[in-house]
Amino acid sequence: MAASVAATLNRLATRKGVHGVVILNRQGMAIRSTLPADLTRQYAHLLNALVVQARNTVRDLDSDGQNELTFMRIRTKKHEIMVAPNHDYLLIVVQNPQEQFQP
Amino acid sequence: MDRRKEELEKKRQKLAELRKAREDRRRSQQKSMSTPADETQSNMTMPSMTSSSARNDVDKLVNDLIGGRRSQHSATQSVSSNVSDTDGSDMGSVLSPTQTSTVSVSAEPRTRFIPEFSSVEAVIFDFPPKERVVYSKEAQTTGEFFDRPDPEVLEQEVRTRLAAEREKDRLAKQAAEEEERRRKHAQEAAQIRELSEDEKKNILTSDEFADFVDYSTKVIERALNEKYDFMKDYTVVQDEENDAEASNTVKLACTFHSEKLCQNRSVTDVNWSLKHPELLVSSYNKNPMAINEPDGLVLVWNTHLVERPEFVFHSQADVLTARFSDFHANLVIGSTYSGQILLWDTRAKSLPVLRTPLSAVGHTHPVYAMSMVGTQNAHNLISVSTDGLMCSWQLDMLAQPLETLELTHATHSGTDEVAVTCFGFPGNETTTFWVGTEEGNVYQANRYDRAGSKAGIYQQDAYNAHRGAVTGLHFHPLFGPIDFSDLFITSSVDWTVKLWRAKSAAKPASAPQTIAPIYSFEDAGDYVYDVAWSPSHPAMFASVDGTGHFNLWNLNVDTEVPVVSVAPGSGRALNKVSWEKEGRKAAVGSVDGYVHVYDIGEMSNPRMDEWTQFQKTVSEMMHSKETAEPVPEPRSPATSSSYSMLR
């Protein structure tokens, strides 16, 4: 099981345009990362906080309070951050879309 | 000066006189005291005489004393006062003290004024005074209104001061918070560092973590695969892309292959989803090198996720055909070499949710062809195995077929049962179908008894089609202004593709009758493995052959050679071809386990006159067929009987 997980993540990380892949647990602790340690720590803190905030926002916006954040995509001038959260974990992928769209 | 001296002299004299007079008066008083009787009389008369003379003297003296210059003036004044007195005016009452004395003196000679009264009529008008309306007016306002300018300034000041203070407080607080946060972060960082290798390993090996990675990476990969950059800036000058050559070529859109799953396997079928145009299902035969892996494999691919399949389905036997259910987006149906029909559900795991029994009730021979007929509310799955058994199934009840039919033909070599390799229903038809067989004939068959004919193959009609096994049979799909649904094409291992016009389904011939094809396309240099009409262009069909070529024919343009012929991948043989429902893409499966998806582009959009032109083309073909030799010589009838469907 672990081998296939590793293979999947490796494939994702080696894709054209992908700068880094980070996986956090619910507490914002990095489980796996392809980024340098300090950068990983930074991403872990800041993005975890942002995801918590986004999760709360999405939930509070819903009339029933039943809505859930499923995917978050932050497009910036320099790159794009994609976050796929579930109940227990958080997958963060940083990519440069310009690189990807270049033929 | 002399006058003055004279005056002084006079005054002295007068003074002397006065003194003398006073002396006299005293003496006379003394005298009167002595004689009171006389005195009363003398008092009555004398004072008036003496006082008047004395007063005159005093007056003169005073006047002189007050001013010599005014002496004359005073004299005239006294005269005038007298005159005024005679006038009787009351003005005389306002007089200087000097005059009073004169008045009082001259009162004696004043004549009495006697008023004359007369009656006068008088009218008295009483005019009320013009009233001046005066009122005090006040506006009710708060005192602040008038006091405002000043306090406002004050307030502003206070406010700014307060704001400044607050800001300061806030900054301080923020700094404190920042500090706190930093500390917390530091703590958290410390905590993260605390996540030990063991813990990591535990998480990494847990099932739920694997599920999470599987799902989330899928989502991310789909997002990454988005070909369109929604942030594209069209104001930026881009390099002009040359679209000119794109109009008449097909483009390889993507290739689906999984090194781990598809190694040493061949693609046995490809089929697009009707519900989700980006999904396609491909089936594979067994991998002889991997004994532990399941023999059969069905993968669902997404054109937006090329790296790996969306779903992986397993089977115990080689899967020969696979298709999405036309009416359920979640269901995938597969037929196997063992004769089982399997049903997978994308909501379930990789094992089939339903399967037909491996017994004489169903198929016991390989099932190479399946088709769905009917409508959303009433549909069946029709499957035919190589022992000539046709079964129809209900998708939610695969335990036993709804009906079975033996497809037999008297002239079949060896056994009566025909070995069906493919079959097809004309558009809108659910009972009559045409089957392609292993020995190269095409027969018409009916599911039910009809007036004058029994269910099964029409014995008299024979489409003496190919010199080798028929590998594909496809009816013209029903669309556009003209109905070509009686046309069908077949492909065969005899290197040809043939175009047919189906005989009327209504009445079978009473005498043996051989039907010849309208046209034979003999461009291929190898087995032709599959053929399929385009669902959008009436004159277009695709074929794949053993040389690994994907050929696109447009009969309106050329009937001799395909308009496009490309060889994707390694150039190994291509097994199957399938059109996406809009006709804009076509997928081909290769014997080395690759599925290639081609973008057909502009060619898939027919012009409006393509239908009439195709009608013309077909009639020309039929005309030339009648005039030419009826059955063209096959170029290579080489290995018809020894051909095995499983390569």
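Meeting the requirement of 2 or more residues that are open to solvent by 90 Å² or more (accessible area, probe 1.4 Å) and either modelled with pLDDT of 80 or more or outside the structural domain of B:ASP57 (by TED's automatic domain parsing) (or both), the helices (runs of 4 or more DSSP H) wholly within the range B:87-200 are B:143-147, B:149-194.
Counted as qualifying within the range B:352-470 are the strands (runs of 3 or more DSSP E) with 2 or more residues that are open to solvent by 20 Å² or more (accessible area, probe 1.4 Å) and of a type outside the set (A, V, I, L, M, F, W, C), namely B:367-374, B:379-385, B:403-406. In this structure, A:GLU99 does not satisfy being under 22 Å from B:SER206 (Cβ atoms) and among the acidic types (Asp, Glu). In the range B:206-232, the qualifying residues are those that are touching a residue at least 60 places away in the same chain (Cβ under 8 Å) and more than 7 Å from chain A (Cβ to nearest Cβ), and the one that is nearest to A:ALA7 (Cα to Cα) is B:LYS218. Here is the figure for the range B:196-205: residues that are closer than 17 Å to A:GLN27 by Cβ and facing chain A (nearest Cβ under 7 Å) total 3.
Being in contact (Cβ under 8 Å) with a residue 12 or more places away in the chain and out of contact with any Phe, Trp or Tyr (no Cβ under 7 Å at 6 or more places or on another chain) is a property that A:LEU35 lacks.
So, A:LEU69, is that one open to solvent by less than 60 Å² (accessible area, probe 1.4 Å) and within 22 Å of B:ASP207 (Cβ to Cβ) or not? No: the conditions fail for A:LEU69. Does A:ALA44 satisfy the condition of being touching a Gly at 6+ places or on another chain (Cβ under 6 Å), of a type in the set (Gly, Ala, Ser) and over 13 Å from B:THR217 (Cα atoms)? Considered against the rule, which asks whether it is touching a Gly at 6+ places or on another chain (Cβ under 6 Å), of a type in the set (Gly, Ala, Ser) and over 13 Å from B:THR217 (Cα atoms), A:ALA44 comes out as yes. Filtering the range B:247-276 to residues that are hydrophobic (A, V, I, L, M, F, W, C) and either within 35 Å of the chain's Cα centre (by Cα) or within 20 Å of B:GLY583 (Cβ to Cβ) (or both) leaves B:VAL250, B:LEU252, B:ALA253, B:CYS254, B:PHE256, B:VAL270, B:TRP272, B:LEU274. Comparison of B:ALA369, B:ALA399, B:ALA378, B:ALA329 shows that the only residue that is within 30 Å of B:GLU310 (Cα to Cα), of a type in the set (A, V, I, L, M, F, W, C) and at pLDDT 90 or above is B:ALA369.
Among the helices (runs of 4 or more DSSP H) confined wholly to chain A, which include 2 or more residues that are within 11 Å of another protein chain (Cβ to nearest Cβ) and under 13 Å from the mean Cα position of the chain (by Cα)?
Numbers: elements: A:2-13, A:37-61, A:97-101.
So the answer is A:2-13, A:37-61.
Residues that are open to solvent by 10 Å² or more (accessible area, probe 1.4 Å) and either in a loop (DSSP other than H, G, I, E, B) or among the basic types (Lys, Arg) (or both) within the range B:319-346 comprise B:ARG323, B:ASP326, B:PHE327, B:HIS328, B:ALA329, B:ASN330, B:TYR337, B:SER338, B:GLN340, B:THR346, listed in sequence order.
Restricting the search to the range B:557-582, which residues are in contact with a helix residue (DSSP H, G or I) (Cβ under 8 Å, 6 or more places away or on another chain), part of a loop (DSSP other than H, G, I, E, B) and either hydrophobic (A, V, I, L, M, F, W, C) or crowded, with 21+ Cβ neighbours inside 10 Å (or both)? Correct list: B:VAL563 only. Examine the range A:22-35 for a residue that is small (Gly, Ala, Ser) and surrounded by fewer than 19 Cβ atoms within 10 Å (Cβ to Cβ), and state whether such a residue exists. The answer is no, given that none of the residues of the range A:22-35 is small (Gly, Ala, Ser) and surrounded by fewer than 19 Cβ atoms within 10 Å (Cβ to Cβ).
Under the condition of being open to solvent by 60 Å² or more (accessible area, probe 1.4 Å) and assigned to a loop (DSSP other than H, G, I, E, B), the residues counted in the range B:250-293 number 11.
The values are calculated or read from the model by the stated rules, or taken from the named source; none is laboratory data. As the structure is a computational prediction, the values presented were derived from the model and not from experiment. Every residue, glycine as well, gets a Cβ built from its backbone with ideal geometry; the counts of neighbours run over all protein chains shown. Just the protein is used for accessible areas: all its heavy atoms, side chains included, with ligands, DNA and RNA removed. Shrake-Rupley method; radii C 1.70, N 1.55, O 1.52, S 1.80 Å.
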